[in-house]
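The values are calculated or read from the model by the stated rules, or taken from the named source; none is laboratory data. Given the structure is predicted, the values throughout are model-derived calculations rather than measurements. Note: ideal-geometry Cβ built from the backbone for every residue, glycine included; neighbour counts use all protein chains shown. Side chains are part of the model used for accessible areas, which takes the heavy atoms of the whole protein and leaves out ligands, DNA and RNA. Shrake-Rupley method; radii C 1.70, N 1.55, O 1.52, S 1.80 Å.
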Amino acid sequence: MPIRDQDYALVIGINDYPNYKPLQGAIKDAEEFATWLMDTNTGGGLKPENCKRFYSTADPLQPIWDDIDKALEAIRAQARVTGARRLYFYFSGHGQSLENENVNLCLGRWSPANASRVALSSLDYYGFFVNCVGFKQVVVLLDCCRVRVVGVRVHDIAKLFCISIRPI
């Protein structure tokens with residue numbers, strides 16, 4: 001399989017939730033998916049630098065929004081040069097939602113008691129990939145539960161990157 005230089009990935013695995021139930025397999029699952037993405041024989045054929053990977057750590061508690069936002073900006077900048085064919089978005093960790101299609105992807109600081117601004121909106125990120133970067137194909141894989149908690153406020157990716165910016 002050829003190297004896919006117009007394909008990118010954002011892979012996130014969160015095991016560490018100090019204020020909620022920690023997970024044991026989310027990082028391993030994310031690592032295995034990233035390995036498959038970069039496999040040029042039977043996988044996705046991505047260049048390693050096109051596969052942005054984030055695996056949680058307990059001390060310091062990471063990743064945080066800033067880490068992920070910087071990776072997204074790097075993807076967008078590189079896609080402007082090489083083109084934006086396909087983006088893979090993989091998240092493994094705790095999820096939260098009500099009775100709609102959106103799943104809020106919980107970062108390490110999340111807990112039912114602290115549900116404010118510690119989650120990523122899967123629909124907002126999808127919209128960013130399509131509308132602000134211009135990927136022709138977006139593959140979203142969410143390996144998470146759906147804890148039912150009211151009042152979660154999520155990180156608004158569109159406000160950071162999409163204001164007066166057209167897709168590539």
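Open to solvent by 10 Å² or more (accessible area, probe 1.4 Å) and assigned to a loop (DSSP other than H, G, I, E, B): does that describe residue 24? Spell out how you get there, then give the answer.
Details: open to solvent by 10 Å² or more (accessible area, probe 1.4 Å): yes; assigned to a loop (DSSP other than H, G, I, E, B): yes.
Criteria met by residue 24.
Against the test of being open to solvent by 70 Å² or more (accessible area, probe 1.4 Å), in contact (Cβ under 8 Å) with a residue 24 or more places away in the chain and in contact with a Leu (Cβ under 7 Å, 6 or more places away or on another chain), the options 4, 53 yield a single qualifying residue, 4.
Residues are listed down the side, and each one gets a yes or a no for (1) part of a loop (DSSP other than H, G, I, E, B); (2) within 14 Å of the chain's Cα centre (by Cα):
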residue	(1), (2)
5	yes, no
20	yes, no
30	no, yes
36	no, no
41	yes, no
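Among the residues of region 62-79, is any at pLDDT 95 or above, closer than 20 Å to residue 105 by Cβ, in contact with a helix residue (DSSP H, G or I) (Cβ under 6 Å, 6 or more places away or on another chain) and surrounded by 15 or more Cβ atoms within 10 Å (Cβ to Cβ)? No, because not a single residue in region 62-79 is at pLDDT 95 or above, closer than 20 Å to residue 105 by Cβ, in contact with a helix residue (DSSP H, G or I) (Cβ under 6 Å, 6 or more places away or on another chain) and surrounded by 15 or more Cβ atoms within 10 Å (Cβ to Cβ). Which residues, taken from region 27-43, are open to solvent by 30 Å² or more (accessible area, probe 1.4 Å) and more than 18 Å from residue 95 (Cα to Cα)? Within region 27-43, 31, 32, 33, 35, 36, 38, 39, 40, 41, 42 qualify. May I ask you to verify whether residue 23 is of a type outside the set (S, T, N, Q), in contact with an Asp or Glu (Cβ under 9 Å, 6 or more places away or on another chain) and within 12 Å of residue 3 (Cβ to Cβ)? Answer is no for this residue.
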